[in-house]
Amino acid sequence: MNTLLSVIIIFGLLVFIHEWGHLYFAKRAGILCREFAIGFGPKIFSFKRNETVYTIRLLPLGGFVRMAGEDPEMIDIKTGYEIGLVFNAARKVSKIIVNNKSKHPEALVVQVEKIDLERELVIEAYNDEGERIQYKVDEQAVLVQDEQETQIAPWNRQFGSKTVGQRALAIFAGPMMNFLLAIVILIAFALFQGMPVDEARIGDVTPDSAAIEAGLQEGDQVVAIEGQPIDSWEEMTAIIQQHPNESIVFEIERGGQSLTIPVTPDERIGQFGDPEGFVGIARPTEFSLMGSIIFGFTQTYLFMTMIFEVLGMIVTGNFSLDYVAGPVGIYNYTGEAAAMGIFVLMQWAAALSVNLGIINLLPIPAMDGGRLIFIGLEAVRGKPMDPQKEGLVHFIGFALLMLLMIVVTWNDINKFFM
């Protein structure tokens, strides 16, 4: 239950912050954002505020912001159609009733001769007396079809009408917010837990861990392991990771006394899919406001470099599916982090946030990076790409991503449960 709750909170936060970045900068640019969604599939909860419908959907596999102009706009009303018009106090059309006009007795029913809901915002139609009249349409008018209202999107409210810079910022804002979130989480971690230092000294000890069973205590200074002198935390953890389920001897100093303590590290799956040892100890820490801020930035950068190292293995041919994790793997790792305490979980959440930001910026169709590539090509060419061709590329990219997710998820199931 703790694992499920941790996954819901962490993923909800990461996706919310990512999509909120898109939403905020899109609205700043004047783009009409029709929907802000967490998850995909059927809606399970929704409400509307300031032109945008906020929804939670059934499948917790991400989220999206639906901006006007990214998809084909609205209902196609052609010459000869009969529609109902409802007017506001300024005598502009505020509602366009497409069907079920009998349910709207207040509507003026007319036959369309000309309609432009993007640039001129006018409807020219014949009334009952055969007169052709031009009606002005309000910029926030809605189309009503099957009793469902959809706000019109004038050209100046559509994604494609904005400058290259405005569109690029609206797309880049999602990953950017993930990086900022990671920095904030890590600063908070350092402020509350202390800033980790690279010393061969034991910090917090996890309850029911191998370290507790062996008798290690917080503040113990590790002098050597298996006779090998130890000067730093990195040296100490490297030796521990090399000996899963093998007894190793710690030489420590505690309160002026020298002690020799045998410890048998537990086993877990490491970053690259190999078994590694761990004993359940945390790095020693120190408290500093400026140091915590620096730690937030430097640790975020460190997470970035680690992710790029894994991505680099794809280029060199050393890549393995065991180096990546899908929903099942992430769920499992989140459970392990939750079991080790809130501060380990905070670091894990920050690492996931950085990972989400970088993956989204890769030049893959259907991802933010792929969309930025098309915006960049438009800037170079001086004209936008064909929307149908771009849409096809994104569709193929999305299908391949779903296929990769299925393969990675199956690999996770085999790795953790078979």
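The values are calculated or read from the model by the stated rules, or taken from the named source; none is laboratory data. Computed from a predicted structure; not experimentally measured. We place every Cβ from the backbone using ideal geometry, glycine too, and count neighbours over all the protein chains shown. Protein only, heavy atoms only, side chains kept; ligands, DNA and RNA dropped before computing areas. Shrake-Rupley method; radii C 1.70, N 1.55, O 1.52, S 1.80 Å.
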Name the residue that is most open to solvent (accessible area, probe 1.4 Å), counting only residues in the range 241-257 that are in contact (Cβ under 8 Å) with a residue 12 or more places away in the chain and not in a strand (DSSP E or B). Gln242
Within the group Leu14, Leu58, Leu4, which residue is open to solvent by less than 40 Å² (accessible area, probe 1.4 Å) and modelled with pLDDT under 95? Leu14
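Does Arg283 qualify as being open to solvent by 20 Å² or more (accessible area, probe 1.4 Å) and assigned to a loop (DSSP other than H, G, I, E, B)?
On the way: open to solvent by 20 Å² or more (accessible area, probe 1.4 Å): yes; assigned to a loop (DSSP other than H, G, I, E, B): yes.
Judged against the criteria, Arg283 is a match.
Please work out which residue is most open to solvent (accessible area, probe 1.4 Å), limiting yourself to the range 76-100 and to residues that are within 13 Å of Leu143 (Cβ to Cβ) and charged (D, E, K, R). Break it down into steps so the answer makes sense when it comes.
Initially, the range 76-100 is screened for residues within 13 Å of Leu143 (Cβ to Cβ), giving 76-77, 81, 83-86, 93-100.
Next, only the ones that are charged (D, E, K, R) stay: 76, 95.
Values: Asp76: 100, Lys95: 66 Å².
Ranking the candidates gives Asp76 first.
Looking only at residues that are surrounded by fewer than 17 Cβ atoms within 10 Å (Cβ to Cβ) and not charged (D, E, K, R) in the range 225-240, which one is nearest to Asp266 (Cα to Cα)?
Here is the first cut: in the range 225-240, the residues surrounded by fewer than 17 Cβ atoms within 10 Å (Cβ to Cβ) are 226-229, 231-232, 234-235, 238.
Next, only the ones that are not charged (D, E, K, R) stay: 227-229, 232, 238.
Details: Gly227: 21, Gln228: 20, Pro229: 22, Ser232: 21, Ala238: 14 Å.
Per the stated criteria, the residue is Ala238.
Given Thr285, Thr298, Thr260, which one is among the hydroxyl-bearing types (Ser, Thr, Tyr) and touching a Gly at 6+ places or on another chain (Cβ under 6 Å)? Walk me through how you get there before you give the answer.
Values: Thr298 fails: touching a Gly at 6+ places or on another chain (Cβ under 6 Å); Thr260 fails: touching a Gly at 6+ places or on another chain (Cβ under 6 Å).
Step by step, each of Thr285, Thr298, Thr260 is checked, and only Thr285 is among the hydroxyl-bearing types (Ser, Thr, Tyr) and touching a Gly at 6+ places or on another chain (Cβ under 6 Å).
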Given the structure, is Glu106 in a loop (DSSP other than H, G, I, E, B) and in contact with a Gly (Cβ under 9 Å, 6 or more places away or on another chain)? yes
Considering residues of the range 76-103 that are in a strand (DSSP E or B) and small (Gly, Ala, Ser) only, the residue farthest from the chain's Cα centre (by Cα): Gly84
Condition first: assigned to a strand (DSSP E or B), among the polar types (S, T, N, Q) and farther than 18 Å from Glu35 by Cβ. Now tell me which residues in the range 129-160 satisfy that. Gln134
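Among the residues of the range 258-277, is any of a type in the set (D, E, K, R), closer than 24 Å to Ala339 by Cα, out of contact with any strand residue (DSSP E or B) (no Cβ under 9 Å at 6 or more places or on another chain) and open to solvent by 60 Å² or more (accessible area, probe 1.4 Å)? If you could, list the steps in order and put the result at the bottom.
Filtering the range 258-277 for residues of a type in the set (D, E, K, R) gives 266-268, 274, 276.
Within this subset, residues satisfying the condition of being closer than 24 Å to Ala339 by Cα are 266-268, 274, 276.
Those left that are additionally out of contact with any strand residue (DSSP E or B) (no Cβ under 9 Å at 6 or more places or on another chain): 274.
From what is left, the residues that are open to solvent by 60 Å² or more (accessible area, probe 1.4 Å) are 274.
Yes.
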